[in-house]
Each structure stands twice: as C-alpha cells, then as structure tokens.
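Enquirer: Please see the structure below; I have some questions.
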Amino acid sequence: MSTMTMAKAINAGLRAGLSQNPKSLLMGEDIGDLGGVYRVTEGLKADFGADRVMDTPLAESGIIGTAIGLALRGYTPVCEIQFDGFVFPGFNQITTQLAKMHSRSEGALSAPVVIRIPYGGGIGSIEHHSESPEALFAHTAGLRILTPSSPQDAYWMIQQAMTCLDPVIVFEPKRRYWLKGDVDTEKPSGDPFAAHVLREGTDATIVAYGPLVPVALAAAKAAEEDGRSIEVIDLRSISPIDFDTVTESVRKTGRLIVTHEAPTFGGIGGEIAARVTERAFLSLEAPVIRVGGFHMPYPVAKVEEHYLPDIDKLMDALDRSFAY
C-alpha cells in the first residue's frame with residue numbers, strides 16, 4: 001500500500017503496463033522529455049526509450065490515425081491528448097474509424113487503442129482547457145469510456161484499459177491530479193466497468209463520476225448533519241454504464257440526483273435519468289434531478305466557480321427532491 005497523488009498513480013500504472021507488454025507504447029504532445037504538461041509521464045522516456053515514449057507533432061488526427069495503424073499491426077498504443085478541448089481534430093478518426101473497426105471487419109480486427117484525455121475545469125484555465133466532452137464519445141458505439149476519481153482507480157484503470165481489446169478512452173479529472181490517496185498495487189479495483197457504492201444511505205442517491213465524486217461525498221456528509229442519509233455512487237464507467245447498481249440504489253432510497261461538470265443539456269445525466277425512470281418508476285418519490293454545467297461555452301476563470309457544480313448546488317438539489 002502506497003500513498004500517491006492521482007498523477008503519480010497514473011504514471012505508476014503506465015509504467016506497469018509498459019513493463020508487462022513490450023508491444024505497448026505511449027505517444028502524445030510533449031510527453032517525452034517534458035513528461036507532459038502535468039508531468040504524468042515524467043521519467044518514462046528515460047526508462048523505456050524514445051521508441052516507446054514518443055513525442056508527436058501537434059496533430060491530434062495524426063496521433064489517433066497512427067495509433068489505429070499500430071494497433072492493427074499488434075501494438076497497444078496509449079495516446080495522450082494534452083487537453084480535453086484539443087481532442088476535436090481527432091474526433092473523426094475516433095468516432096468514424098477507431099470505434100467502428102471491429103464491427104466493420106465483422107470481428108476479424110481489433111483496435112486496442114487507449115486514449116488519455118485530461119478533462120474538466122477547476123484549474124483557472126480557459127476554453128479548450130476545461131471542457132467535459134464525454135457525452136460526445138459515449139454516444140458512439142464501439143468505445144469504452146472510463147473516468148477515475150481516486151488514485152487507486154487511476155492506477156488500475158489505465159492498466160486495465162491497456163489490456164482491453166476494445167478502444168478505451170480514459171477521461172482523467174485534471175483538477176484531481178494532486179488528490180492523494182492510498183493505492184494498493186497488489187489488489188486490483190475490480191471490474192473497471194462496474195459502479196462502486198462509496199457511501200451507503202437510505203434517503204436519497206447521488207450519482208457522480210470523475211472530478212465531482214469528492215463533491216458528492218462532501219455533500220452527503222453535510223446532509224448527514226441535517227439528518228439525511230445519502231448514498232453516493234461513483235459511476236466509474238461512462239460507457240458502458242452500470243445501470244443495475246444505480247437502479248438497485250434508487251429502489252432503496254426513492255430519490256436520485258445525478259451530477260457532472262458537463263452541461264446538463266444532452267449530458268450523461270439525462271440518459272441515467274431516463275433509464276432509472278423506465279426501470280424504477282414506481283420506486284421514485286420525486287423526479288430525478290440533474291446538476292451540471294450550463295449550456296454555454298466554458299466561462300473565463302474568474303467566474304468558473306459559478307459554472308461548476310458544488311456542494312451548495314447539490315444540497316439545493318436534495319432540498320428540491322425532499323420537497324416532493
């Protein structure tokens with residue numbers, strides 16, 4: 001058991017993955033000598049060489065396209081997209097080529113490409129550096145999408161992604177890179193595509209993922225002072241979604257709040273709300289309430305705290321739910 005930041009846990013996970021599979025490699029902008037903007041890949045080029053930790057041109061479409069070719073030749077490329085908003089030049093390669101390769105070949109081909117994307121706000125940055133585009137990729141069949149909320153999950157999820165035969169996008173919550181936690185390097189976190197109940201409760205359920213899991217836990221603790229027992233679920237996987245765990249919780253608590261940094265309009269929360277309503281309508285004591293960003297471009301740093309979901313917004317959502 002070791003204590004690590006999330007960034008160090010990802011670095012350690014990448015190191016383990018590279019050591020276990022000699023045909024795995026990393027590629028991305030400034031990931032070699034610099035070690036990445038957030039130093040997540042620091043030291044890996046020195047240990048594994050420039051042919052396995054490769055700096056690329058500023059060309060996301062080229063990064064993904066090259067990775068697809070490498071995967072078809074038996075390699076396991078792990079691509080880093082430097083910031084969430086930089087992924088869109090590679091969006092076509094991801095959604096029209098990478099996601100469809102297995103289906104297009106009727107199962108004859110696999111493209112085990114891993115794409116790491118630091119995402120989300122809370123770092124005082126600007127548009128293209130603070131966005132949450134996960135719903136755009138979740139809408140595309142053929143992609144698996146993970147997002148860790150703790151160093152433990154970060155360490156194991158990147159390794160599990162590197163052993164998956166399907167394309168996997170790992171959305172890394174960049175404002176949690178400095179979050180410290182215990183990491184058990186001997187015991188995996190279990191199925192990466194299964195949700196985890198982090199806090200049990202009886203009165204309402206909060207579902208969160210990635211950067212908002214600590215916020216959800218803090219809101220549940222605050223609600224406890226008001227005599228409310230709140231269950232908190234870390235979704236962990238955005239595609240596929242573990243609807244069974246969420247539905248089971250709602251059948252017990254009767255209330256559901258879904259929160260993410262991405263805008264509520266067209267967001268993952270809408271799909272969860274619809275599925276839970278279909279599956280557990282008679283168990284609901286109130287409508288499912290979504291808490292997310294506004295339907296607008298990401299704001300400037302001085303007002304981003306008004307955009308991002310926080311404890312107060314979750315507490316307000318709980319109050320609205322209990323008012324029914």
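The values are calculated or read from the model by the stated rules, or taken from the named source; none is laboratory data. The model shown is predicted, which means the values in this text are computed figures rather than measured ones. Here the Cβ is made from the backbone with ideal geometry for all residues, glycine too, and neighbour counts use every protein chain on show. Surface areas here come from the heavy atoms of the whole protein model, side chains and all, with no ligands, DNA or RNA. Shrake-Rupley method; radii C 1.70, N 1.55, O 1.52, S 1.80 Å.
Enquirer: So which pairs qualify, if the first residue must be in segment 37-59 and in contact (Cβ under 8 Å) with a residue 24 or more places away in the chain and aliphatic (A, V, I, L, M), the second must be in a loop (DSSP other than H, G, I, E, B) and open to solvent by 60 Å² or more (accessible area, probe 1.4 Å), the Cβ gap must be under 9 Å, and the two must be at least 6 apart or on different chains?
Expert: Close Cβ pairs (under 9 Å, with a partner that is in a loop (DSSP other than H, G, I, E, B) and open to solvent by 60 Å² or more (accessible area, probe 1.4 Å)) amount to Val37/Asp30.
Enquirer: Of all residues in segment 250-266, which are part of a loop (DSSP other than H, G, I, E, B) and either open to solvent by less than 10 Å² (accessible area, probe 1.4 Å) or of a type in the set (Lys, Arg) (or both)?
Expert: We begin by selecting, within segment 250-266, every residue part of a loop (DSSP other than H, G, I, E, B); these are 254-255, 264-266.
If the condition is that a residue be part of a loop (DSSP other than H, G, I, E, B) and either open to solvent by less than 10 Å² (accessible area, probe 1.4 Å) or of a type in the set (Lys, Arg) (or both), then Gly254, Arg255 are the ones that fit.
Enquirer: Filter segment 53-104 down to the residues that are part of a helix (DSSP H, G or I) and of a type in the set (Ser, Thr, Tyr) and list them by number.
Expert: Filtering segment 53-104 down to residues part of a helix (DSSP H, G or I) leaves 60-72, 84-86, 88-104.
Correct list: Ser61, Thr66, Thr95, Thr96, Ser103.
Enquirer: Would you point out the residue of segment 104-143, among those that are among the polar types (S, T, N, Q) and within 16 Å of the chain's Cα centre (by Cα), that is farthest from Pro77 (Cα to Cα)?
Expert: As a first pass, look at segment 104-143 and keep what is among the polar types (S, T, N, Q): 105, 110, 125, 130, 132, 140.
Checking the rest, the ones that are also within 16 Å of the chain's Cα centre (by Cα) come to 130, 132, 140.
Numbers: Ser130: 25, Ser132: 23, Thr140: 20 Å.
Ranking the qualifying residues of segment 104-143, first place goes to Ser130.
Enquirer: Also, quick follow-up: When you scan segment 80-89, do you find a residue that is closer than 23 Å to Cys164 by Cβ, among the small types (Gly, Ala, Ser) and within 18 Å of the chain's Cα centre (by Cα), even just one?
Expert: Looking through segment 80-89, none of the residues is closer than 23 Å to Cys164 by Cβ, among the small types (Gly, Ala, Ser) and within 18 Å of the chain's Cα centre (by Cα).
Enquirer: So, one more: Exactly one condition in (1) assigned to a strand (DSSP E or B); (2) touching a Leu at 6+ places or on another chain (Cβ under 9 Å); (3) open to solvent by less than 10 Å² (accessible area, probe 1.4 Å) is false for Ile117; which is it?
Expert: Ile117 satisfies all of (1) assigned to a strand (DSSP E or B); (2) touching a Leu at 6+ places or on another chain (Cβ under 9 Å); (3) open to solvent by less than 10 Å² (accessible area, probe 1.4 Å) except (2).
Enquirer: Return the pair list, or none, for Cβ contacts closer than 8 Å from residues in segment 1-24 that are in a strand (DSSP E or B) to residues that are aromatic (Phe, Trp, Tyr) and buried (at least 21 other Cβ atoms within 10 Å of the Cβ), at least 6 apart or on different chains.
Expert: Met4/Tyr155
Enquirer: For Met101, state whether it is over 28 Å from His260 (Cα atoms) and under 20 Å from the mean Cα position of the chain (by Cα). So that I can check it myself, show each step before the final result.
Expert: Numbers: over 28 Å from His260 (Cα atoms): yes; under 20 Å from the mean Cα position of the chain (by Cα): no.
Here the answer is no, as Met101 does not meet what is asked.
Enquirer: Those residues that are open to solvent by less than 40 Å² (accessible area, probe 1.4 Å), polar (S, T, N, Q) and more than 26 Å from Pro133 (Cβ to Cβ), I need them from segment 170-204; list them, please.
Expert: Matches in segment 170-204: none.
Let's see how each residue does on (1) closer than 17 Å to Arg116 by Cβ; (2) surrounded by fewer than 13 Cβ atoms within 10 Å (Cβ to Cβ); (3) not aliphatic (A, V, I, L, M):
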{"position": "Gln20", "(1), (2), (3)": "no, yes, yes"}
{"position": "Leu26", "(1), (2), (3)": "yes, no, no"}
{"position": "Glu42", "(1), (2), (3)": "yes, no, yes"}
{"position": "Asp47", "(1), (2), (3)": "no, yes, yes"}
{"position": "Arg52", "(1), (2), (3)": "yes, no, yes"}
{"position": "Asp55", "(1), (2), (3)": "yes, no, yes"}
{"position": "Ser61", "(1), (2), (3)": "yes, no, yes"}
{"position": "Ala67", "(1), (2), (3)": "yes, no, no"}
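Enquirer: State whether the residues of segment 274-286 include one that is open to solvent by less than 10 Å² (accessible area, probe 1.4 Å) and either touching a residue at least 40 places away in the same chain (Cβ under 8 Å) or among the acidic types (Asp, Glu) (or both).
Expert: no
Enquirer: Another question, if that's okay. Can we say Ser149 is more than 30 Å from Val300 (Cβ to Cβ), outside any strand (DSSP E or B) and small (Gly, Ala, Ser)?
Expert: In short, no.
Enquirer: From (1) farther than 30 Å from Trp156 by Cβ; (2) open to solvent by 50 Å² or more (accessible area, probe 1.4 Å), pick out the condition that doesn't hold for Ala317.
Expert: Exception for Ala317: condition (2).
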